[in-house]
Amino acid sequence: MLLLSLATTAIFLPTSSQAQNAHLGTETELDRAMQESSVKERNDDLGNEQLNKVDKAEVAAIKSFLASLKADPKNTIQQGEKFAAKFPMSRYLPVVYGNLTISYYSVGNVEKMLASGTKALQLDPANVDVMSLLAVTISRRVKPHSPDAPDQLETAETYARRTIELIPTFTKPSKMDEATFEKARNDELALAYSGLGLVDIDREKYSDARAELTRAIHLNSAADPVDYYLLGNANARGGNFGDAVAAFEKCSAAGPLIERCQAALESVKHAMEPKDIESLSGAHTKADSWYPQDIDDEAPEVASGTACPLDDMLAQAGKRLQEMVANVDKFTATETVEHQNVGPDGRLKPPETRKYNYLVSIEQMQDGYMNVEEYRDGGSSPDQFPDHIATVGTPSLVLIFHPNHAKNFKMTCEGLGQWQGRPAWLVHFEERTDHHAAISALAMSGQTFGLRLKGRAWILADSYHIARLESDLMNGIPEIRLRLQHEDIEYGPVNFQGGKVQFWLPASTKFYMDFRGHRFYRLHQFTDYQLFSIGFDQKISDVKN
């Protein structure tokens with residue numbers, strides 16, 4: 001029995017006999033057609049002369065066995081075991097052991113099912129009925145912390161992937177219509193993807209598990225509440241509480257897992273309850289330790305008695321940005337994104353890493369504002385990102401200090417501090433509420449929510465390049481339960497035109513997010529920069545931190 005912990009509730013996965021898929025435990029039309037075809041092929045292979053030599057009792061026994069498939073599985077088991085004992089060298093044993101596997105599953109005898117399934121695959125390695133059933137059964141009975149768990153998970157994965165590989169190669173039996181054949185194929189595939197999903201839950205690969213379980217649900221002709229239950233667990237353990245709620249609501253409606261799903265649903269809803277939707281400032285609890293303090297909760301260290309030339313400093317920093325916009329139309333880089341979901345206890349889950357060919361274009365519009373577009377591997381879909389949530393805008397945030405945007409912010413000099421051992425002016429910024437367009441936004445479900453920001457910038461005292469920028473939300477957004485968006489960007493120098501011109505571009509971004517039950521941390525890293533201007537391009541070495 002598999003233990004899945006979720007929030008404060010311990011949730012146990014039911015045994016396979018408690019959670020049969022709707023089409024399992026009964027003989028499908030595909031099963032019958034392929035079994036009859038298999039028996040016919042074996043008879044054809046014998047030839048007339050050899051067929052006459054086949055024991056008439058053996059032929060009668062296999063016909064009786066096939067007829068029993070339409071009746072009580074206990075009768076099928078009795079006849080199948082009797083046949084295997086009486087005819088141990090029979091050409092029909094693959095059909096017998098394949099059906100014994102399904103029948104033992106139907107009556108809840110998992111040990112006998114596994115033994116019959118192993119024999120069936122030894123005799124017929126392409127039996128997808130058996131392979132898909134073993135894949136889902138083994139994955140659902142593995143004890144994650146047992147010594148043999150890795151081997152069991154690998155076996156389940158092998159059966160599942162082999163099933164997925166073989167099923168598209170099958171041809172429709174002549175006695176079966178296309179719709180029935182497609183339904184039967186999809187049901188087998190659903191089992192395989194369900195098994196893969198649970199394997200990946202045990203391996204803490206929650207993003208992969210969500211994709212596989214979702215596919216299993218879409219393929220299955222009859223909704224399996226266990227798949228919804230597992231999908232809810234994959235989402236909850238991955239920090240996607242909103243999606244977990246939707247899955248648990250499905251399996252709470254009907255089926256053998258109503259009580260378990262309802263308990264899981266209440267647990268997730270409790271984990272989603274906001275502490276303070278307007279602000280996360282204040283003392284951190286243990287469950288909050290995964291994200292940094294709010295900008296206004298930390299007083300930066302600055303030198304005492306040093307006058308701050310705020311106006312001149314902002315003018316020089318703005319000039320640097322104007323130079324970049326005037327000289328650079330676009331730039332490319334290699335972007336590596338490391339994503340970690342966050343559990344209810346504040347612990348980071350294992351990382352998921354993706355790499356992109358990253359392109360940014362910068363254009364100044366007629367109204368003076370900047371239009372910045374980002375593309376990854378030639379596209380801009382959120383589906384490219386883990387959990388289908390795009391975190392974009394890193395190149396845009398520094399434009400807070402461009403003269404055309406700076407007027408929309410209240411800037412305050414906090415003093416002269418340090419950035420990696422170099423003197424840097426610390427400037428606190430806060431977006432004004434008396435202008436229409438916010439510098440940042442969150443788009444979801446056809447709606448766009450403006451995000452007004454506050455933050456701090458480290459501006460180098462000797463060059464006025466912005467070396468670091470950290471931001472927080474001024475307020476949360478109750479409609480989407482947005483509690484946290486904290487971004488911390490480090491910049492580094494990139495030389496252009498043979499070193500004659502130098503721009504500072506993002507080297508890394510740390511991103512912390514909490515909205516609608518999605519809690520995650522992401523690290524974006526940028527290397528291999530190449531800058532482009534009209535009629536000129538140059539490849540640049542990695543950003544120097």
**Prompt:** In the stretch 118-190, what trypsin sites (Lys or Arg not before Pro) fall in a loop by DSSP, with at most 16 other Cβ atoms inside 10 Å?
**Reply:** 175
**Complete:** Low-density loop trypsin sites (Lys or Arg not before Pro), the stretch 288-362, at most 16 other Cβ within 10 Å, DSSP non-H/G/I/E/B, are 347
**Request:** Compute the FRET efficiency between residue 475 and residue 422 as 1/(1 + (r/R0)^6), taking r as their Cβ-Cβ distance and R0 = 30 Å, and round to the nearest 0.05.
**Result:** 0.35
**Prompt:** In whole Å, how far is the Cα centre of the stretch 314-371 from that of the stretch 120-172?
**Reply:** 43 Å
**Message:** If R₀ is 35 angstrom, what is the calculated FRET efficiency for the pair residue 296 and residue 462, using the beta carbon separation as r and rounding to 0.05?
**Reply:** 0.80
**Request:** Compute the Rg/Rh shape ratio of the stretch 390-464: radius of gyration over Kirkwood radius, all on alpha-carbon atoms.
**Result:** 1.04
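Could you order the peptides 92-100, 57-65, 508-516 from most to least packed, using the average number of other C-beta atoms within 10 Å per residue?
Going from most to least packed, we get 92-100, 508-516, 57-65.
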**Asked** How many angstrom lie between the C-alpha centres of the stretch 458-523 and the stretch 238-260?
**Response** 36 Å
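Which of the residue pairs 183/349; 70/250; 119/143 have a Cα-Cα distance greater than 30 Å in the structure shown?
Going by Cα-Cα distance, 183/349; 70/250 fall outside the 30 Å limit.
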**Request:** Assuming R0 = 51 Å, can you tell me the calculated FRET efficiency for the pair residue 304 and residue 266, based on Cβ-Cβ distance, to the nearest 0.05?
**Result:** 0.40
**Item:** Rg to Rh quotient for the stretch 149-228, alpha carbon positions, Kirkwood Rh
**Value:** 1.03
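Read the figures in this text as sums done on the coordinates, not as results from a lab. These figures come from a predicted structure and were not determined experimentally. A quick note on method: Cβ atoms are made from the backbone with ideal geometry, for glycine too, and the neighbour counts reach across all protein chains shown.
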